[in-house]
Amino acid sequence: MAEPADTALGVLMLVVAAGCTWLGWTSLRRPRKAPVSVQGPRWLVRAWGLGYLVLGVSLTAQEVGRTAGEEPAWPLILIRWIAGPLVLFPLVAGTVRRWRERRAGRVANEGRRV
């Protein structure tokens with residue numbers, strides 16, 4: 001029989017997986033309404049959304065497998081090799097884009113003061 005802590009962790013991971021899946025699906029369907037951290041070109045937002053969708057599905061498969069008593073290997077591989085870069089690279093690209101926009105705005109404002 002599973003311990004209460006393991007059951008609580010499993011339920012928490014399923015809630016997180018459902019949240020990741022929902023966030024990824026809504027970002028894929030409506031890239032203009034994405035969170036501020038990844039706003040930019042549609043391909044950037046959709047790559048990020050696809051990463052979160054894959055992450056959510058993989059976490060769900062992992063937790064269902066763990067609840068059934070087996071340790072599935074393929075969700076972990078999927079998370080590391082596909083979802084990880086799809087989530088991280090758009091975040092980095094969005095951060096660089098916002099930094100460049102702020103820097104260009106600051107340079108333009110400094111030029112006007114003179």
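As a test of reading the structure, rank S58, S37 by solvent-accessible area (1.4 Å probe, protein chains only), most first. Working shown, then result.
Working: S58 0, S37 50 Å².
Reading off the accessible areas and sorting them downward yields S37, S58.
So how far apart, in nm, are the two label points at L14 and V36 if each is 7 Å from Cα heading toward Cβ?
3.5 nm
How much length is gained if the chain between V92 and R29 is pulled fully straight, taking 0.36 nm per residue apart and subtracting their Cα-Cα distance, in nm to one decimal?
Numbers: separation 63, 0.36 × 63 = 22.68 nm, distance 2.16 nm.
Value of the extension gain: 20.5 nm.
Measuring from label point to label point, each 7 Å out along Cα→Cβ, what is the A5 to I77 span in nm?
A separation of 3.1 nm, rounded to one decimal place.
Determine the per residue accessible area of the chain with all protein chains present and a 1.4 angstrom probe, expressed in square angstrom. Write out the running numbers ahead of the final one.
Values: 7960 Å² over 114 residues.
I get 70 Å² per residue for the chain.
Once you have all Cα-Cα distances for segment 1-59, histogram them in 5 Å bins from zero and send the whole-percent values.
Calculated over all Cα pairs of segment 1-59, the distribution is 4, 22, 23, 16, 12, 8, 7, 4, 3, 0 percent.
Please give the calculated 222 nm ellipticity per residue for the chain, where each DSSP H segment of at least 4 residues contributes -39500 (n - 2.57) and the sum is spread over every residue; nearest 500 deg cm²/dmol? Numbers along the way, then the final one.
Numbers: 4 runs with 88 residues, N = 114.
Value at 222 nm, helices only, nearest 500: -27000 deg cm²/dmol.
Report the far tail of the P(r) of the chain, meaning the percent of Cα-Cα pairs longer than 26 Å.
Numbers: 2330 of 6441 pairs.
When every Cα pair of the chain is considered, 36 percent fall beyond 26 Å.
With label points built 7 Å along Cα→Cβ from the Cα atoms of W43 and E101, find their separation and express it in nm.
Those two pseudo-labels are separated by 1.9 nm.
With all protein chains present, how much of the accessible area of the chain (probe radius 1.4 Å) comes from carbon and sulfur, to the nearest whole percent?
On the way: 5230 of 7960 Å².
On the chain, the fraction of accessible area on carbon and sulfur atoms equals 66 percent.
At 37 °C and 0.692 mPa s, what whole-number value in µm²/s does Stokes-Einstein give for the translational diffusion of segment 35-80, with Rh from the Kirkwood sum over Cα pairs?
Details: Rh = 11.7 Å.
D, rounded to a whole number, is 279 µm²/s.
The values are calculated or read from the model by the stated rules, or taken from the named source; none is laboratory data. Quick caveat: nothing in here was measured; it's all calculated off a predicted structure. When we count neighbours, we look across all protein chains shown, and the Cβ atoms used for this are built from the backbone with ideal geometry, even at glycine. We work out accessible area using only protein heavy atoms, side chains counted, and drop any ligands, DNA or RNA first. Shrake-Rupley method; radii C 1.70, N 1.55, O 1.52, S 1.80 Å.
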